[in-house]
Amino acid sequence: ERTEVVMMICFFLAVFQIRETQQLLTPPLYTKGLVVRRALNSFETLVPETAIKDTTLSDAIELSLAHQAKKWDGMAVCSAIRAVAKSKGEPGRRLILAIETVCLQGRRELRPGVRETSKAAWALATLYARGYLKNNAESRRALAATAIRFREIGSNSTAREAATCAWAFARAKNLLPGNSAKRCVSEALERLLEIKVWLAQDAANAAWACAVVHVENGLARRILARSKQLLQEQFYTFAPQGLANLVWAETQLSLDQGIADIVALRVAELVAKGQFQPRSVAEVAWSLATRCKRQDAMSLDSSDHIYFQALTKFWATHEIDKTSYAARDIAACAWALMTSRHDDANALRGLAEAALAAPLQAWSPQAASNLLWAMSSSVAGPKWPRLYTQLGQVILKSRHCTSTDLASLAWALAAAGIRDDNLIFNHLIPKFATDHALNVDGRCHATMASALAFFYATEDNAAQEAFDAIARHAKLDTFDARELAVTAQAFYDCRDGPTRVSAPLFLASVGSTLSQRFLNQNPERLPIRNLVQLAAIFASARQLVLDADTLVNQLADLALRDEDHLLPVYRLTLCRALLITNRPRHPLLQTTDKQLASRLRDTTATVLLPAPRDQKLTFFDDDHPQASDFESGSPLQLAPPSGFASEEELSYPSSQSIDSTYSVEVLGVLQYDNLFEMNSDNSDHPQDLTITPTDNNSPPPGISRPRLPP
């Protein structure tokens, strides 16, 4: 009765925003246990009309704490902070300090019970997630006080209270020092496992907390096993958000307990009819797509396939209202469909129309770049120039735009073949060159360089500003082999345009880095695909780089160490590079394979020594690298219930001439989780790129971008 009185009064004040004085929150309302009717009947006498002034619930609580602090017990303080959180207000400093006082320093009989403690922990975590609570010493001590109090009395908690505390400590993990969040969550979950009866929300909160702080696998498995059992017995008691949390947690923990299969099969029909919560649709889609990508992007489980078929059907059906889908939900669905290889033109049209109908202010740079990535990766769907222009402006005008967002936008425009000179010259290049080039990693430098090279390889224009910024600021000693190869290819391709001045010096720097970091120290970190690509680049650029011939010879020697695993397509390319650099007697040119020997003779006959300046190497078009050479990555991480987070997937388009038999592989980039929580992954990330023949019957794993025009 006492708790109900307090909560009734607090909510009454919060909902109606009563203009009260310090007389309103008098001690009897918190300490005497008035019944609800008496409290409401006394309302008129507690607020004299002549004393009313404008104030908020937090102000009223602060006034009462200032004058009557000693009369506030644990229950009153915890109920007050929960009321402030429910009213989406900002708590006062005295209230935050009072939590620590009542939990640790007050008289034992006035300290909050386990129910009130869980309410206070939930309120603090919620306020922190919404930005109303700062990460300062007072907030950290308040949350730590609730954790200590729960440790003292948690053995008497119910399943709801234990799960709520676990969720709160995970949600506000940054307020707890060191590994304290993981320890506090684990203690709450151990208590939860001792309780026989769980509700659906308890299972969802517990699984989510497990994934956020990454508890030990043994504990996580037990939580997921109990959650699966409850899911099988009481599936329809779970809210859509709870189902999404369970699937997300299983994916984040990389523990296949069968939860995703159950959820995917049972909600597929609801998804197809548009009868499932939009945010939950997006989060389940992200989780299933991430799981498919980790296992094998080419083989989906039947449950995953059924879910994505339903999702495709939903977006392809024009009669279903989709206005309830937020921008990040649209982006997440698009990414999931493309990651799972459900490339359907009608579904992508529905996604594009929904994206165009959404208000521009609803788009974050993360969501915009993810959607453009998905649209550009599609082969079946049409391109929407207006969508690229609008979302491109959102990315470029946002204060939260990152270098990854800029690189992703550049790649999307190149992959879609949409050349918007106004967007690129007036916004993208200046923003990249002046604000981001100095602190950009190798992945973003490589993506930006290759995207600009695709459009402006032979033109003298503003793209030179971006290439000059890359040449000045790129820290080549931090690049991996793939990033070195892609960036070098872009500078070489633009040697008659934007990089006419910078290409020789930059390629020489790449050669020096290649020798020092890979050839001399860590040759095992140079994948064969990148090795071959670099050999082709330096053979073609031998007139720009003094020691190009030596580099090609060293790369061929390194490839010879693992000759048994050297694919014919790579061997032929290396042989041609050796011939161009005057190395006709290299052991790599000797073979007992008659077919290969014939190809080598044909190659020798077609190679001019010395090579003309415009001669360029490409891979031969009859052999395809094995599927094991390819990997996939994640551009998005979701972390319910706080939302999506994470790192975008970037790929490198190539600017060299490509006929209709060639395509560029999309390269995965590991998150950031989140990311958002990006991905997130998270997780939720590296790979290689090269120009490879396209085999329509057996495409490699991962998302392939559409073929670039010649």
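The values are calculated or read from the model by the stated rules, or taken from the named source; none is laboratory data. All values derive from a computational prediction rather than experimental measurement. Note: ideal-geometry Cβ built from the backbone for every residue, glycine included; neighbour counts use all protein chains shown. Note: accessible area is taken over every heavy atom of the protein model, side chains too, but ligands, DNA and RNA are not part of it. Shrake-Rupley method; radii C 1.70, N 1.55, O 1.52, S 1.80 Å.
Determine, at each q value in 0.14, 0.25, 0.27, 0.28 (inverse angstroms), the log₁₀ of I(q)/I(0) that the Debye formula gives when each Cα of segment 122-167 is one equal point scatterer.
Reported log10 I(q)/I(0), two decimals: -0.36, -0.92, -1.00, -1.04.
At a Cα cut-off below 25 Å, give the lysines reachable from LYS322, other chains included and same-chain residues fewer than 8 away excluded.
Those lysines meeting the cut-off are LYS273, LYS313, LYS383.
Contact order normalised by length for segment 516-557, with contacts defined as Cα pairs under 8 Å and 6 or more residues apart; what percent is it? It would help to have the intermediate numbers written out before the result.
Details: 23 pairs, mean separation 14.6, N = 42.
Relative contact order for segment 516-557 comes out at 35 percent.
Whole number please: convex hull volume per residue of the Cα set in segment 158-307, in Å³? Could you put the intermediate results ahead of the total?
Values: hull volume 15.4 nm³, N = 150.
Value for segment 158-307: 103 Å³ per residue.
Can you give the Kirkwood hydrodynamic radius for segment 301-402, in Å, rounded to one decimal and based on Cα pairs? Walk me through the numbers on the way to the answer.
Values: mean 1/r = 0.0731 Å⁻¹.
Mean inverse Cα-Cα distance, inverted, gives 13.7 Å.
Expressed in nm², what is the orientationally averaged projection area of the convex hull enclosing the Cα positions of segment 393-514? Don't skip to the answer; put the middle values down first.
Working: hull surface 26.1 nm².
Its Cα hull, projected and averaged over all orientations, spans 6.5 nm².
Taking a probe of 1.4 angstrom, what is the accessible area of SER254 in Å², to the nearest 10?
Roll a 1.4 Å probe over it and SER254 shows about 80 Å².
Defining a contact as two alpha carbons under 8 Å apart and six or more residues distant in sequence, what relative contact order in percent does segment 66-125 show?
49 percent
Largest first and to the nearest Å, give the Cα extent of segment 173-221 along each principal axis.
So the three principal-axis extents are 32, 19, 15 Å.
Out of the trypsin sites (Lys or Arg not before Pro) in segment 496-569, which ones are loop residues according to DSSP with at most 16 other C-beta atoms within 10 Å?
Numbers: sites: ARG500, ARG517, ARG525, ARG529, ARG542, ARG561; in loops: ARG500, ARG542, ARG561.
Here the sparse-neighbourhood loop sites are ARG500, ARG561.
Determine the order of LEU438, LEU219 by accessible area, beginning with the largest, at a probe radius of 1.4 Å.
Numbers: LEU438 100, LEU219 15 Å².
Largest accessible area first, the list is LEU438, LEU219.
Based on Cα positions only, what radius of gyration and what Dmax would you give for segment 495-588, in angstroms?
Rg then Dmax for segment 495-588, in Å: 13.0, 41.
Please report the base-10 log of the normalised intensity I(q)/I(0) for segment 318-477, using a Debye sum with one equal scatterer per alpha carbon and no solvent, at each q in 0.13, 0.15, 0.16 (1/Å).
-0.59, -0.77, -0.86
Peptides 454-466, 372-384: what's the order by average Cβ count within 10 Å, highest mean first? Show your work: numbers first, answer last.
On the way: 454-466: 19.1, 372-384: 22.1.
Highest mean packing first, the order is 372-384, 454-466.
Accessible surface of HIS473 in the full protein assembly, 1.4 angstrom probe, to the nearest 10 Å²?
Using a 1.4 Å probe on the heavy atoms, I get roughly 50 Å².
Quick one: compute the contact order of segment 443-597, relative version, from alpha carbon pairs under 8 angstrom and 6+ residues apart, as a percent.
Details: 169 pairs, mean separation 30.1, N = 155.
Normalised by residue count, the contact order of segment 443-597 is 19 percent.
Take every Cα-Cα pair in segment 233-298 and report what % of them are more than 15 Å apart. Could the numbers behind the result be given before it?
Details: 1022 of 2145 pairs.
Within segment 233-298, distances greater than 15 Å cover 48 percent of Cα pairs.
Arrange the peptides 355-362, 124-131 so that the one whose residues have, on average, the most other Cβ atoms within 10 Å appears first. Walk me through the numbers on the way to the answer.
Details: 355-362: 13.8, 124-131: 19.1.
Those peptides, ordered most packed to least, come out 124-131, 355-362.
For segment 94-225, give the percent of accessible area contributed by carbon and sulfur heavy atoms, probe 1.4 Å, rounded to a whole number.
On the way: 2640 of 5480 Å².
Carbon with sulfur: 48 percent of the solvent-accessible area.
Expressed in nm², what is the orientationally averaged projection area of the convex hull enclosing the Cα positions of segment 418-483?
Numbers: hull surface 17.7 nm².
Quarter of the Cα hull surface area: 4.4 nm².
Go through LYS228/LYS293; LYS70/LYS134; LYS134/LYS196; LYS86/LYS182 and tell me which ones have a Cα-Cα distance over 28 Å in this structure.
Numbers: LYS228/LYS293 23 Å; LYS70/LYS134 26 Å; LYS134/LYS196 37 Å; LYS86/LYS182 26 Å.
As for pairs spanning more than 28 Å Cα to Cα, those are LYS134/LYS196.
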